[in-house]
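Student: Below is a structure I'd like to ask you about.
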Amino acid sequence: MSKVLVGIVIGSDSDLPVLQEAVKTLHQLGIPHEITIASAHRTPNQAEAYVETAESRGLGVIIAAAGGAAHLAGVLAARTTLPVIGVPMKTSALGGLDSLFSIVQMPAGVPVATVSINGARNAAILAAQILGIKYPEIRQQIKKLKQEMEREVQAKAQKLAQLGVDAYLKGMGT
């Protein structure tokens with residue numbers, strides 16, 4: 001699989017450390033992706049140009065992350081029929097609730113799937129699950145990822161049962 005399938009758009013470079021988790025997850029799943037910076041408010045023409053060429057460039061899903069007014073995901077969703085996943089960013093003013101409300105409260109007819117505040121990893125997994133409808137190899141990678149998560153939790157439960165709470169927490173550095 002060589003064509004880019006997921007586009008990630010961040011409203012500011014300050015969002016990059018959080019969205020790095022989406023990039024890592026998509027890479028882990030073997031899903032070609034791209035990332036760019038475009039602001040719904042400061043560079044609306046650039047955001048519009050990006051989304052209007054997305055489908056013709058082969059993208060299947062767009063992940064959009066923004067904080068504060070967080071209109072980016074909605075602006076992109078208004079201009080495409082591709083699924084758009086919004087990642088509300090944590091903010092200093094309201095802890096990300098402002099971003100969450102801006103993304104999740106879309107008008108009828110302009111849906112944006114919304115993950116948790118700073119939920120970049122979940123956005124990547126949701127994008128993969130959407131693409132998995134069309135690409136069996138991606139669906140297989142998601143199955144492997146979920147099996148690995150299950151093994152990790154089972155190992156932690158076993159360790160807790162063996163050590164007890166105090167020793168387990170001591171081993172975690174708390």
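Any read-out appearing in this document is the output of simple, stated calculations on the displayed coordinates, not a laboratory observation. As the structure is a computational prediction, the values presented were derived from the model and not from experiment. Neighbour counts run over all protein chains shown; Cβ positions are idealised from the backbone, glycine included.
Student: Determine which single condition GLU150 fails, assuming it passes every other condition in (1) surrounded by fewer than 13 Cβ atoms within 10 Å (Cβ to Cβ); (2) closer than 19 Å to LEU59 by Cα.
Tutor: Among (1) surrounded by fewer than 13 Cβ atoms within 10 Å (Cβ to Cβ); (2) closer than 19 Å to LEU59 by Cα, the lone unmet condition for GLU150 is (2).
Student: Just need a number here: residues in region 1-16 that are among the acidic types (Asp, Glu) and loosely packed, with under 11 Cβ neighbours inside 10 Å.
Tutor: So the count comes out to 1.
One line per residue, one yes/no per condition, for (1) surrounded by 22 or more Cβ atoms within 10 Å (Cβ to Cβ); (2) within 16 Å of ALA120 (Cα to Cα):
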residue: ILE35; (1), (2): no, yes
residue: HIS41; (1), (2): no, no
residue: ALA47; (1), (2): yes, no
residue: ALA69; (1), (2): no, no
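Student: Can you tell me how many residues in region 141-174 are part of a helix (DSSP H, G or I), over 30 Å from the mean Cα position of the chain (by Cα) and of a type outside the set (A, V, I, L, M, F, W, C)?
Tutor: 7
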